[in-house]
Every structure is written in structure tokens, then in C-alpha cells.
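Enquirer: Just passing along the structure, written as C-alpha cells.
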Amino acid sequence: MTNDHHSNNTILLVLVGGLAVVLALLGGLLLFGDLGQSDPEPKAETTVASAENVPKSAEVTQPPATLPPPPQPTLAAVATATNTPIATATPLPTATPLPTDTPTPAPVAQAPVAAVAPTDTPIPPTPTAVGPCTLAEQNGMLIIDVEAAAPAGGWQFENSAPGHIGSGYYTYRGAESLGSPGGTALTYPIFINNPGLYQVRIHNYHDHPNSTEANDAWLQISGVQSWIKTWSGERALWNWGNNFELSPDNHTGPEVTFPVAGAYTLQLAGRSPGFSVDRVLIVTPDQFIAGTNQALPQSPCQP
Ligand SMILES: [Ca+2]
Ligand SMILES: [Ca+2]
């Protein structure tokens, strides 16, 4: 065992010594090698190295400088961006009106169309049999197509003036009757569910060269308005611009007041030949514009 240690130590010493000699020689060789190639390349390497160092230092420097700011602005931006979308998203729900719009127009548009057809259809046989029912006012509106009553008293069914509602209208072809209702009156039973102030608007037409000629008729509503002249100053176009004559009772404008809910009778009689009536609209003032929609059907019969 002891001998082995000695021999091992000896071998180690020899190896270490040899290694030292080899390293010494190797160092010398390296020194000479460097000296021989140091002039041209080292400068380049140095330049490259410095250039690389610069970027490295720059990169090292930039990252930290860049990193700090990003977090803050990014968060702020995100927060802002997040808030903005939310605010923008809020208006979207405003789409709520859509449901409201859809239901309202849909029923109104569809109901009239469906109802207009049936109203127009019976018009042809009008002269024969259109038993007028009692037309009912609903929501401040009562619509009477003159054809609901058979033509009489000098009133004739015509359809040559474009722009009328339905298949035609009635034109007074009887004798002029300026002092009192001429001939038999067209009679319309009506029912007012909501008493109060109404306007009586007549969709009318007259094309006499003189706008004060062939431009009037007689109108009466039982219990509300005795016979009165109603006239229109607009010629050669269908219009709703009729008014009541100031005399004999200082009643101007197209207003009447129904004192109580119930049944009434509206009548039209001839005054000036050539005056055409197409539809009578009994409407509260706030419903007038809506009531002039020609797509609206005649009012339903009172149950
Ligand atoms: Ca008509
Ligand atoms: Ca006149």
C-alpha cells in the first residue's frame, strides 16, 4: 500500500512537471502567433467589437428605459380603450326602440291594406246596396268614405279625377241650391266613443276656373251642428282644406263639439254643382295629420 502511494506520487509529480513545460511552450507559441497577425485584424475586430458593444450597451440601456414606460401607458391605454368600447357598446342597446317601432308601424300598415281592399270592393255595387252601418270613432278618429251611402239627391258616383281614395267619389250634379240643402242628403250614422272637440275635414275636389264656384256643399250633424255651408278655396287638387261658412252662426273653421258619447248622424247635401266629396274625416285636432293618410281604411262598424 505504502509503495503504491510513493509510486503514485512520483507519477503525479512527473505529470505535473510535464504539464507545466507543455503550458509554457504553448504560451510562447500563442504569443508569437498573436504578434504575427495582430496588426490588420485586431483593429477590425476592435471596431467590430466596439460596434457590437455599442449596440449591446444601447440595447441593454434601451430595454430598461422602454420597459418602465410601456407598463404605465399600456395600462392607461388599455383602461381608456376598455372604457371607450364600453361607452360605445352602451348605445347599441339603444336598439331597444327598434322593437317599439316595429310593432307600431307593422299593425298600422298591415291593417289598412287589408281593410282597404274590402272597402274598395263593395264600392262598385254601391248604387245598389251598401247598407251603411253605424261607423265608430276610435282614438279620436272617425273615417267615412262617402260611398258608404248610396248616391242620392243629385250626388253621382265618379272616378275621373286622379288622387281620390278608393275606387271613386261623389260629385253633386243637381241644381244649384245656395239658400238651403238641395235634394236628398247623403246620410251616415256614426258613433262617438270619446266626446269632445273634433274637426270635420272633407277630402274634396273642384276644378271650376273660378275657385269660388263649384266649391261647397251643405253639412249637418244631428245634435251638434245644424245645416251649414262648408267650402274649400283650393281648386284643381284633392285637399282637406274645407271650412264652415261664417254665417249664419259665426261658426268658422271645421270644428264641432260632441257633448257626450253616443250615436249621431252626419249628412251631406248639394249646394254648388260640380263639387266632389271623397271622404269625411271627423278627427281630434291632434289626430288630423295622421287622419289624412289615404291608406287608412274606413272606420269599423260600432258593435
Ligand atoms: Ca272614395
Ligand atoms: Ca262657392
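Enquirer: Please give the net charge around GLY153, taking every other residue with its beta carbon less than 13 angstrom from that of GLY153, where Lys and Arg add +1 and Asp and Glu add -1. Present the calculation step by step, with values, prior to reporting the outcome.
Expert: Working: positive: ARG173, ARG271; negative: none.
It works out to a net charge of +2.
Enquirer: Then there is this: Taking neighbour counts of Cβ atoms within 10 Å as a proxy for exposure, in what order, fewest first, do ASP145, ASP207, ASP278, ASP286 appear?
Expert: In order of increasing Cβ crowding within 10 Å: ASP286, ASP207, ASP278, ASP145.
Enquirer: Moving on. How much net charge surrounds LEU178 when only other residues with a Cβ under 14 Å from its Cβ are counted (Lys, Arg +1; Asp, Glu -1)? Mind showing how you got there, number by number?
Expert: Details: positive: LYS229, ARG271; negative: GLU176, GLU213, ASP216, GLU245.
With Lys, Arg at +1 and Asp, Glu at -1, the neighbours total -2.
Enquirer: Points 7 angstrom from Cα along the Cβ direction at ASP207 and SER167: gap in nanometres?
Expert: 2.2 nm
Enquirer: Enumerate the calculated ³J(HN,Hα) couplings along segment 218-232 in order (Karplus 6.51 cos²θ - 1.76 cosθ + 1.60, θ = phi - 60°), each rounded to whole Hz, writing x wherever the residue is Gly or Pro.
Expert: Per residue, the Karplus-derived 3J(HN,Hα) values read 9, 9, 8, 10, 4, x, 10, 8, 6, 3, 8, 7, 10, 9, 9 Hz.
Enquirer: Right, next: Ranked from highest to lowest mean number of other Cβ atoms within 10 Å per residue, what is the order of the peptides 252-258, 269-275?
Expert: So the peptides 252-258, 269-275, ranked by packing, come out 269-275, 252-258.
Enquirer: What would the Debye formula give as log10 I(q)/I(0) at q = 0.14, 0.19 Å⁻¹ for the alpha-carbon point model of segment 160-291, no solvent?
Expert: The Cα Debye sum returns log10 ratios of -0.59, -1.12.
Enquirer: Provide the net charge surrounding LEU197, with neighbours chosen by a C-beta distance below 11 Å and charges set as Lys +1, Arg +1, Asp -1, Glu -1.
Expert: Once positives and negatives cancel, what remains is -2.
Enquirer: Kindly put HIS208, HIS203, HIS164 in sequence by how many other C-beta atoms sit within 10 Å of each C-beta, fewest to most.
Expert: If I rank by nearby Cβ atoms, fewest first, I get HIS208, HIS164, HIS203.
Enquirer: So for segment 225-303, considering every pair of alpha-carbon atoms, how many percent are separated by more than 20 Å?
Expert: Details: 1290 of 3081 pairs.
Counting pairs separated by more than 20 Å, the tail of P(r) holds 42 percent.
Enquirer: Same structure again: Find, to one decimal place in angstroms, the Kirkwood hydrodynamic radius of segment 185-235, where the mean of 1/r is taken over every pair of different Cα atoms and then inverted. Numbers along the way, then the final one.
Expert: Working: mean 1/r = 0.0772 Å⁻¹.
By the Kirkwood definition, the hydrodynamic radius is 13.0 Å.
We did not get these values from a lab; they are worked out from the coordinates using the rules stated. No experiment lies behind these values; they were computed from the predicted model shown. Cβ: placed from backbone, ideal geometry, glycine included. Neighbour counts: every protein chain shown.
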